[in-house]
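First, the structure itself, so that you have it in front of you.
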Amino acid sequence: MTTTVFIPDTEARLAVARQVADTVLFEGYVLYPYRASAAKNRLRWQFGVLVPPAWCAAAEEHDAQHTECLMEPKSGATLAVEVRLLHTRRRTVQQAHADGTYETVRELHLEDRVLVPWDEGREEKVEIALPVAELTGDGVTVPFTRAAAEETEPVTDADGRLVGRMVRRREEISGAVRLSTAELDGPYRTQRLRVVVENTSPWMPEDTDDRDAALPYSLVASHVLLHLDAGAFLSMTDPPEWAKGAVAACRNLHTWPVLAGEPGRADLVLSSPIILEDHPAIAPESPGALYDATEIDEILALRTIALTDEEKREARGTDARAAAVIELADTMPPEVLERLHGAVRSLREVTGPPDAGDDPQDVFRPESPWWDPGGDTAVDPDRDHVTVDGREVRAGCRVVLRPRLRHTDAQDLFLSGRSALVEAVLHDVDGGVHIAVTVEDDPGADIRREQGRFLYFQPDEVEALEDA
C-alpha cells in the first residue's frame, strides 16, 4: 500500500472541501428514526458502493467509478488525489454469563441504550500525490489494501459490571486507483484527466443474490477529491464555450465531478456519486450531521426530539453517530432551532434614500387577496380529476409512478415502477396539473397524509391502474 503525506498547502486546500465531502461520505448512513429496526435502515449503503468484481456480474451493482474532467495545469504542477470511502465493519452483540462465556444475542438492554447488531462504517482514504507530467500515456496505477481485523469492546452497566461485549469484524478489501492524462487538440494547453477507482477484491460469492454478504468486501460511499497546486480545473457543469465539446466527450460513470471549495477558485474538484452543483457548501445554519440531505434540518430535528424515550434508547444503541443525533436534538438551544426555520440569502443592500417622487400612498393595496383558494369553487383537489391513458384519475385511484428526468430529481427516480395512492389532483394558477400521491407500503404514509406532505408527479409521469 502506498502512503503519501500531503504538503501543508495541499492539505489545507483539501480540508476546505472535506466538509461537503463528509456529507457525501455519510449520506444515508443512518436515517430517521435512527433505529436499526426501522425499515429504511435495513437496506443500507445506497451511494458509491463498489462491489467485488465476482459479485458485480450477477447484480445491478458496479465494481468501478470512472471520472473524467478537464484541467489546465501549469508547468511542474502536482496533482493530489484523495480517495475516500467507508469500510464496512460488522458488529455483533454478545451477553456475558457468570461462567465467563459469551452468547451472541439480538439485543442487549442497558439503562440508557439497547445494543443491537449493526454494520458500522470505518472511514478510509487513499492519498496520492504525483507530478502531472508522470500521468501521460498509460498513466499510473496505485493499488491499495485494507487488512481484515477483529476488535472487541467490553460493555458494562451503570454500576460498572461487565454485562457483555461488542465484537466488530471487518474483512480485507482491496482496490486500485488508475490515473492518466491526455492532451486535447486546440490552441489551449488543456488536458483530460481520467481517474478510475475500482474494487479488486478476489472474494467469491456463495449466493449471487446476497448483497449483505458482499458489503464487507465493498468500497462504500466512494468518492474522490482532487487538488491541482498550479493551474485550474474547468467546470464540467458550466464550461467556457470553447470547451463545451471536450466536456461533452468526457466519460463519467457512477460519479460526477464538480468544482469544490469557495467560489472564485478552481483548484479543487469533488467527484461524487451524488449529483451536486459547482462549489457546494453546507448551510451555516445547519447544526450538525443528520445524514439525510434530502430532508429539512428543522423537520428532522423536531421529529427526533419527539421520539419516545424507548425509541431514543434504541437509536443510541444502534450507532455512535445515531446517538450523537439524539444528543444534538435533545440539547439544541431554542435560538439554534429557530435559525433552522429559514434564511434569506438573495436580498441586496439599499445604499440610497428613496426617490423624492415615491409616495407610499400611491401603492395599490387590494382589500382582498388576488386569489383565495378557499373561495374559488372552480377547483376542488378532493374531487378534481385528470385523464391519464384514457381513464379518469382522482383522489383514491391507484397509479404506477414513471418519473421523467425533465420533471423530477434523482431521488424520485428511485420510485420508478412503484405503485402509489392518489391523494389529490391539484391545478396551479398557470394551468398546470399535479398529482399528489403517497407510495404504497410506505410506513410513513399516515404521517405524510396527516401533515399533507405528499409526493407530486405530472400526469405523463403516472400510469393509471384502477379506479377507487
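The values are calculated or read from the model by the stated rules, or taken from the named source; none is laboratory data. If you're wondering where the values come from, they're calculated on a predicted model, not measured in any experiment. All Cβ positions, even for glycine, are placed from backbone atoms using ideal geometry, and neighbour counts span all protein chains on display. What goes into the accessible areas is simple: the full protein's heavy atoms, side chains included, and nothing from ligands, DNA or RNA. Shrake-Rupley method; radii C 1.70, N 1.55, O 1.52, S 1.80 Å.
Determine the dipole magnitude for the chain: charges of +1 sit on the beta-carbon of Lys and Arg, -1 on that of Asp and Glu, nothing else is charged, the reference point is the Cα centre, and the result goes in debye to the nearest 20.
The calculation lands at about 1480 debye.
Can you give the helix-only mean residue ellipticity at 222 nm for the chain, where every DSSP H stretch with n ≥ 4 adds -39500 (n - 2.57) and the sum goes over all residues, rounded to the nearest 500 deg cm²/dmol?
Taking each H run of at least 4 residues, the total per residue is -4500 deg cm²/dmol.
Give the accessible area for residue 267 in Å² (nearest 10); use a 1.4 Å probe, count only protein heavy atoms, and leave out ligands, DNA and RNA.
10 Å²
Using a 1.4 Å probe on the protein heavy atoms, what percent of the accessible area of the chain belongs to carbon and sulfur?
50 percent
Right, something else. Which value, in Å² and to the nearest 10, is the accessible area of residue 305 when all protein chains are kept and the probe is 1.4 Å?
That residue has around 70 Å² of solvent-accessible surface.
At each listed q (0.09, 0.11 Å⁻¹), what is the log10 of I(q)/I(0) that the Debye formula gives for the range 42-195 modelled as equal alpha-carbon point scatterers?
-0.50, -0.65
Between the range 53-91 and the range 285-316, what is the separation of their alpha carbon centroids in Å?
For the range 53-91 versus the range 285-316, the Cα centre distance is 31 Å.
Excluding residues fewer than 8 places away in the same chain, name every one of the lysines whose C-alpha is closer than 19 Å to that of residue 312.
Partners found: 40.
Another one. Where a Cα-Cα gap under 12 Å defines reach, which aspartates and glutamates qualify for residue 74, not counting those fewer than 8 residues away within the same chain?
229, 267
Starting at the first residue of the range 265-276, write each ³J(HN,Hα) from the Karplus equation 6.51 cos²θ - 1.76 cosθ + 1.60 with θ = phi - 60°, in whole Hz, x for Gly and Pro.
For the range 265-276, the Karplus-derived couplings read 10, 9, 9, 10, 9, 10, 9, 10, x, 9, 5, 10 Hz, x marking Gly and Pro.
Treat the range 228-338 as a sphere of radius equal to its Kirkwood radius over Cα pairs and apply Stokes-Einstein at 37 °C in a medium of 0.692 mPa s; give the translational diffusion coefficient in µm²/s, rounded to a whole number. Walk me through the numbers on the way to the answer.
Numbers: Rh = 17.1 Å.
It comes out at roughly 192 µm²/s.
Then there is this: What helices does the chain have that are whole DSSP H segments, at least 24 Å long along their own axis by Cα, and with mean Kyte-Doolittle hydropathy of -1.0 or more?
8-26
What is the P(r) of the range 1-108, as percent of Cα-Cα pairs per 5 Å bin from 0?
2, 7, 11, 14, 16, 13, 12, 10, 7, 4, 2, 1, 1, 0
Something else about it: How many nm is it between the label spots at residue 105 and residue 277, if each spot is 7 Å from the Cα in line with the beta carbon?
Those two pseudo-labels are separated by 5.1 nm.
If you don't mind, there's one more thing I want to ask. Kirkwood hydrodynamic radius, computed over distinct alpha-carbon pairs, for the range 381-460: how many Å, to one decimal? Can you show the working numbers first?
Numbers: mean 1/r = 0.0776 Å⁻¹.
For the range 381-460, inverting the mean 1/r across all distinct Cα pairs yields 12.9 Å.
Does anything in the range 442-456 have its amide N under 14 Å from the 7 Å Cα→Cβ label point of residue 402, and if so which residues?
none
How far apart, in nanometres, would the label points at residue 460 and residue 42 be if each is projected 7 angstrom from Cα along the Cα-to-Cβ direction?
Roughly 3.8 nm, to one decimal.
If you don't mind, there's one more thing I want to ask. Which GluC sites (Glu not before Pro) does the range 251-335 hold that lie in a coil by DSSP with at most 14 other beta carbons within 10 Å?
277, 285, 295
Return the distance in nm (one decimal) between the two label points of a simple spin-label model at residue 167 and residue 123, each offset 7 Å from Cα along Cα→Cβ.
My value for the distance between the label points is 2.9 nm.
How fast does the range 190-242 diffuse by Stokes-Einstein, in µm²/s, taking the Kirkwood radius from C-alpha pairs at 25 °C and 0.890 mPa s?
Taking Rh from Cα pairs, D becomes 161 µm²/s.
Classify the chain as rounded, prolate or oblate, taking a ≥ b ≥ c as the square roots of the eigenvalues of its Cα gyration tensor: rounded when a/c is under 1.5, otherwise prolate if a/b is larger than b/c and oblate if not.
Here the chain falls in the oblate category.
Expected output is a single nm value to one decimal: the length gained when fully extending between residue 208 and residue 140, i.e. 0.36 nm times separation in residues minus the C-alpha distance. What is it?
21.2 nm
Please compute the length gained on full extension between residue 337 and residue 309, using 0.36 nm multiplied by the number of residues separating them and subtracting their Cα-Cα distance. List each step's numbers first, then the result.
Values: separation 28, 0.36 × 28 = 10.08 nm, distance 2.06 nm.
Result: 8.0 nm gained on full extension.
Continuing with this model, one more query. Alpha carbons only, please: Rg and Dmax for the range 77-127, in angstrom.
18.4, 64
Leaving out ligands and nucleic acids, note down the accessible area per residue over the range 1-154 with a 1.4 angstrom probe, in whole Å².
With the other protein chains kept in place, the range 1-154 gives 47 Å² per residue.
Further question: Could you order the peptides 255-266, 80-91 from most to least packed, using the average number of other C-beta atoms within 10 Å per residue?
Ranking, from highest mean packing down: 80-91, 255-266.
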